[in-house]
Structures are given as structure tokens and as C-alpha cells.
Amino acid sequence: QKEVEQDPGPLSVPEGAIVSLNCTYSNSAFQYFMWYRQYSRKGPELLMYTYSSGNKEDGRFTAQVDKSSKYISLFIRDSQPSDSATYLCAMNTGGFKTIFGAGTRLFVKA
Amino acid sequence: GAGVSQSPRYKVAKRGQDVALRCDPISGHVSLFWYQQALGQGPEFLTYFQNEAQLDKSGLPSDRFFAERPEGSVSTLKIQRTQKEDSAVYLCASSLVRIDGSEAFFGQGTRLTVV
């Protein structure tokens, strides 16, 4: 079993929909939780960064961390075709090694 | 430069050939990370540098993989005697201070294909 599990999708939604992306993990020592967006043939781009449990909002993006359930989520409101990309969750215990999920491919249809 | 720069963008190597992949981090960034991303997978940690010191190389798949950052800026990932299973995108990331990679900026990667 992988340390971080993420549904690969693809997830297809109409423009304007609310998108929910999720990851589960097994290592209770993870403290730092990130979401990256990766366009085709590009490097990952940091979207959201959260320390420990709780919610964080940035524009149309909201990240949630539930450490008791070992479950993290990213919500995208008013989704746009430009949001079409692969979304990677990532987490870290505070050391050098960040563990990534496999990524969820999202398609937002105009 | 404004971002992390990697070269070459694409590399085709014959099995058994040695390759060298270059990473130019953002100027002044202390931390530098190398990751390997297989098709359809997330990046997997290979190694970490703090300035010129390689503090963690636990993710390097075999002793054919070697990384260096001799002057604490540019880094090179070298793969000796390439094998087909080495085909992947190799990503470099740098961070101003943080060691945990939580605020790291990624380059566009080098796509290595071993034939």
C-alpha cells in the first residue's frame, strides 16, 4: 500500500462546477500538506500549502486537512477550462522528503 | 533567471550510455531537490542538497545515479549505463530556505527516454 493514495481520474466537469479532489494517507507523522497543479509537459506548480489540520482558502481554491481521518481535500469553485490539469497532493513530515500522490487528471469542459 | 531552469528538455539515450542532466536553481536558493516522475505517477524524491552538501540521497534508485552541486548553485544529476527503466521525467526544485520542500519551485523537467 502506498503512503499516499489519490484517485487518478480522469475527472470531467462542466465549466462553473465545484470540483472536489481528495487524498488519503497512512503516515500520521505528516504535518505539511500541499497541492500542486501540473500542466502537460510542465513542472508542478504549488497551489496551496497547509500546516497540520484545518482549512485554508485562496481565491477559488480551498484546502482542507483532517488529520484524524488522514484525509485531505482541495476544492475548486467556479471551475474554468484553464483549470484543466493534473492535481497532485503532497505531504511531508518536516524533513527533506516530500511524498506525492499519483495525481488526478481534471478536465473542465466549456 | 526568474525560475528553475533544466537542460536539456529532452534526452534520448541508447541503453548503456551515460547521461548528465543539469539544473539551474533560482539564484540564492539554499535547498535543491531532484525528483523522478514516471508516466502517470507523481514525482518521487531522489536527493536533497543544502548548499553544496548532499544531506539525503536515500531516493536514488541505484549506484548508477549520482548527483552533485559543487558550488552550491548549479546541480547535475548523472546516470551511468542507462537502462530502459530509467526512462522518466527528472524534475529539479529549489527553495529559498525551507528544507521540507513545502515552498519549492519546480523546473520544467528533463524527459529522458532510453532506447
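The values are calculated or read from the model by the stated rules, or taken from the named source; none is laboratory data. A quick note: this is a predicted structure, and the numbers were derived from the prediction, not measured. Positions of Cβ are backbone-derived with ideal geometry, glycine not excepted, and every protein chain shown enters the neighbour counts.
Cβ-Cβ distances below 8 Å connect the following pairs, each with a first residue in region A:39-67 that is without any contact (Cβ under 8 Å) to a residue 24 or more places away in the chain, a second residue that is assigned to a loop (DSSP other than H, G, I, E, B) and β-branched (Val, Ile, Thr), and a separation of six or more residues or different chains: A:Gly43/B:Val4.
Check region B:62-81 and report whether any residue there is of a type in the set (A, V, I, L, M, F, W, C) and within 14 Å of chain A (Cβ to nearest Cβ). Yes, because at least one residue in region B:62-81 is of a type in the set (A, V, I, L, M, F, W, C) and within 14 Å of chain A (Cβ to nearest Cβ).
Taking the listed residues B:Leu32, B:Leu55, B:Leu46, B:Leu21, the one that is within 14 Å of chain A (Cβ to nearest Cβ), in a strand (DSSP E or B) and over 10 Å from the mean Cα position of the chain (by Cα) is B:Leu55, with no other qualifying.
As for region A:77-94, it holds no residue that is outside any strand (DSSP E or B), among the charged types (D, E, K, R) and under 28 Å from B:Ser58 (Cα atoms). When every residue of region B:31-54 is checked against the conditions, none turns out to be β-branched (Val, Ile, Thr), modelled with pLDDT of 95 or more and within 15 Å of A:Pro44 (Cα to Cα).
Only one entry of B:Thr76, B:Thr82, B:Thr113 meets the criterion of being of a type in the set (S, T, N, Q) and part of a loop (DSSP other than H, G, I, E, B), and that entry is B:Thr82.
The set of residues in region A:95-110 being over 30 Å from B:Gln54 (Cβ atoms) and either part of a loop (DSSP other than H, G, I, E, B) or of a type in the set (Val, Ile, Thr) (or both) consists of A:Thr104, A:Val108, A:Ala110. Tallying residues that are farther than 26 Å from B:Thr110 by Cβ, in contact with a strand residue (DSSP E or B) (Cβ under 7 Å, 6 or more places away or on another chain) and either part of a loop (DSSP other than H, G, I, E, B) or within 11 Å of chain B (Cβ to nearest Cβ) (or both) within region A:11-48 yields 8. Scanning region A:59-76 for residues that are surrounded by fewer than 19 Cβ atoms within 10 Å (Cβ to Cβ) and either within 14 Å of chain B (Cβ to nearest Cβ) or in a loop (DSSP other than H, G, I, E, B) (or both) returns A:Gly59, A:Arg60, A:Lys67, A:Ser68, A:Ser69, A:Lys70. Which members of region A:84-110 meet the condition of being touching a residue at least 40 places away in the same chain (Cβ under 8 Å) and farther than 28 Å from B:Leu32 by Cα? Answer for region A:84-110, where residues must be touching a residue at least 40 places away in the same chain (Cβ under 8 Å) and farther than 28 Å from B:Leu32 by Cα: A:Leu106, A:Phe107, A:Val108, A:Lys109, A:Ala110.
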